[in-house]
Amino acid sequence: MSISLLASAEVRASASVSASFSTLVAFGGVEVSADSMQAAGASRVIKGASLAGSDLQQLYSAPDGDVVAMVASKDLPLSQRDTETLQRLMLTKIPVFIRMNGQSSVDRQRVAMLLGVAPKGESALVHRDTSGDMMVFLPSTTEAASDGAILRDLRAARAMQVEAEADAPAAPVKKSVRTARSMSAVASVNSVTTPPEISFAPIRRYKLFPVSKENGIGGGTTIEVARAVTQVGDRKIITVTSDMDITPPYVGYYRTPETIYNQFALPTNYGATHQVSYTPPEGGEELLRNLDYLPKSDGRTDFDFNDTSTVTTTFGGTAGAEVSSSGKPDEALAAKASVQASASYTKTRTRALSMKFTDYSLQASSAELGRVSWKAPIASRAYHNVLNGNGGGLWWRRYHTSHHVVSAMTPMMRSAHLAGESTWSVPGASDGNVTVTVKVAFERAEYRSPSTRLLRHVNKEAVASIEIPMEDPYLTREMTVLISSWEDGRCLAGVEGRAELLACNKADRRQMWSLDTNDRYVNFASKTCLTATRGNQPVSLQPCVLNGNNQRWRWLADRLHLYRGGTRGDRLFVKNGELHSSVPSPGIESFPVNSHHPLLPPYPSYPSPPFPGELVPAPSHVASPTRVDPSVVNLPPVDDRQRWDVQVLRSGL
């Protein structure tokens, strides 16, 4: 099938996000009604199963916001082909609309396997932004709505956030983040990393946005999960940072369409809650801990809150700086080194939270397990001053000096900005699930003018909740990588006990590998180890054993050797499309090892033949590099069949 996705005028690149999703790509059994298409502003629906390679290229190159993929949890798991297609669309920053037909653990597990996160609710829009972070937009309305209407609102919220982050200043902003309103709030939280920048640390970030237009609640929450490993402990640290704007509707004097009466309303309380729960694997312990939260309570009713949280996280392994010739972190070198208990590197992050309180105080509580709450109640003095003024009451003020009622209302009585951060931890080696729920709310007191008699208290809230799997390739103790062949660019994969080469796909868990502390390459999907064989038998995947010399691998430059064969023996290579390890084999030449460090190439011209007198590449701390041995200058070029590259899977990519 060949499709013409967009008219030429629509294909033009745009600096801003498209105002509507013109193309919906439906996977599984998703059916889109004409009403939903109209509500979403879409002009066409394409079945994902029918997409060919040329069609995908057109989708990839479409302007941001033109295309959205749609899938329902009841149709999961998809076929292998559809799964790869959907994940490739997502990796190219095309958002995915997920319809949650059920909320069982099986439903959420299937969604998390596909998207990397499972929203808790009837539907959500999941989008991978340019930094690799997962953005999740959840509708907070309780009213029944079509998929198209929900998608329209989520699309608008996403467009606002994408443009806000694109416009956000690169340098930290020292002034109050209250100046960045609505959906741009989450982008304005200061985040500073100490140099040198380690972009490949084991960190996952999720940005959670409750979409609640009818309640005047905007802003977002960033959830950061980091794998912190030291010689005495291994934990996953979960940091939840919210930056929310609350502008309640119908504040001050107003008249609703449903009544002919004048009414007066005043927000009496604003609030936000972080609730975190941990579901361990079967038989595991629930060891969730709250490490800290910010801000703490403050009884003043007129103050500026400015504080920072600084977190220094230690990661097991190396950043590659001690090996690289430049002395800077190098992800490829770091990924080729097995994790040693004594090796580590650190990353420091500082976040600044700013708020202004006028006529409201701050109450923080962490009394309940797994919950941190903040409330901002109105000061009784200010409350009574607005209602009663000089003692005349609302009736007197309404008919004699009504403008005084408005002037008595301070800015926070119309709109509030709440920021809060909580930090939690779970066992690092555990593969359970963490559920993060963020609730933002306000309470409004309503009166019928001119009476001062309370009509009712109205409570409104926006709730967003996601389940995050801790079994994540981005959160492994050892770096998770794809291993690609220099011969044809395909990637090493474990397929039903066999080692094969497949078209590289960063979302395919069969292609994910980690080099553990015992120098074994462990497949992320099967948890089995890459195993060498003797003779002409191809390489396979077998259960991991501690003393298996046929499972211990090490890198010599870009060649993957077995320990048992020394520097000139067995290694991983491609032979007639199959993966083998037994040397000698025709065309598989042996090459020298770098005398300064085995991970570096043995000579600067590598993989081309060396030149006489060349200096051997050395780590930056080596003061006097040696020269290439004259005996190796007649070596041939290195055969691409035995050369491999690693692609690190980390959040910064």
How do Phe137, Phe611 line up, fewest other C-beta atoms within 10 Å first? Phe611, Phe137
Exposure proxy order (Cβ contacts within 10 Å, fewest to most) of Val71, Val25: Val71, Val25
Under a 5 Å amide H to amide H cut-off, with H placed in plane at 1.01 Å, what residues pair with Ala557 once short-range neighbours are removed? Leu599, Leu600
With r as the distance between the Cβ atoms of Tyr261 and Lys296 and R0 = 30 Å, compute the FRET efficiency 1/(1 + (r/R0)^6) and round to 0.05. 0.10
Average projection area in nm² (convex hull over Cα atoms of the range 477-648, one quarter of hull surface): 10.4 nm²
Where the convex hull is taken over the Cα atoms of the range 409-566, what is its projected area averaged over directions, in nm²? 16.3 nm²
Can you list residues from other chains, or at least 5 along the same chain, whose modelled amide H is less than 5 Å from the amide H of Cys504? Cys491
Applying the Karplus parametrisation 6.51 cos²θ - 1.76 cosθ + 1.60 with θ = phi - 60° to the phi angles of the range 511-521, what ³J(HN,Hα) value in whole Hz is obtained for each residue in order, glycine and proline being reported as x? 9, 9, 9, 9, 8, 7, 5, 9, 6, 9, 8
Student exercise, the range 477-648 dipole from Lys, Arg, Asp, Glu Cβ charges, in Debye to nearest 20: 460 debye
Answer with one residue from Ile588, Leu560, Pro625: the one whose Cα lies farthest towards the positive end of the charge dipole of the range 477-648, charges on Cβ with Lys, Arg +1 and Asp, Glu -1. Leu560
Whole-Hz ³J(HN,Hα) for each residue in the range 474-491, computed from phi via Karplus 6.51 cos²θ - 1.76 cosθ + 1.60 with θ = phi - 60°, x for glycine and proline: what do you get? 7, 10, 6, 4, 8, 4, 8, 9, 9, 10, 10, 7, 6, 5, 9, x, 6, 10
Under the rule a/c < 1.5 gives rounded, and otherwise a/b versus b/c splits prolate from oblate, where does the range 488-564 land using the Cα gyration tensor? rounded
When the Karplus curve 6.51 cos²θ - 1.76 cosθ + 1.60 is applied with θ = phi - 60°, which whole-Hz ³J(HN,Hα) does each residue of the range 606-613 get, with x for Gly and Pro? 3, x, 6, x, x, 10, x, x
Two-decimal Rg/Rh of the range 210-282 from alpha-carbon positions, Kirkwood Rh? 1.25
Neighbour-count ranking for Asp304, Asp570 (other C-beta within 10 angstrom, fewest to most) reads Asp304, Asp570
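Taking the Cα centre of the range 34-159 as origin, work out the dipole magnitude from +1 charges on Lys and Arg Cβ and -1 charges on Asp and Glu Cβ, in debye rounded to 20.
For the range 34-159, the charge dipole is close to 200 debye.
Any read-out appearing in this document is the output of simple, stated calculations on the displayed coordinates, not a laboratory observation. Everything quoted here is computed from the prediction, not taken from an experiment. Backbone-built Cβ (ideal geometry, glycine too); neighbour counts: all protein chains shown.
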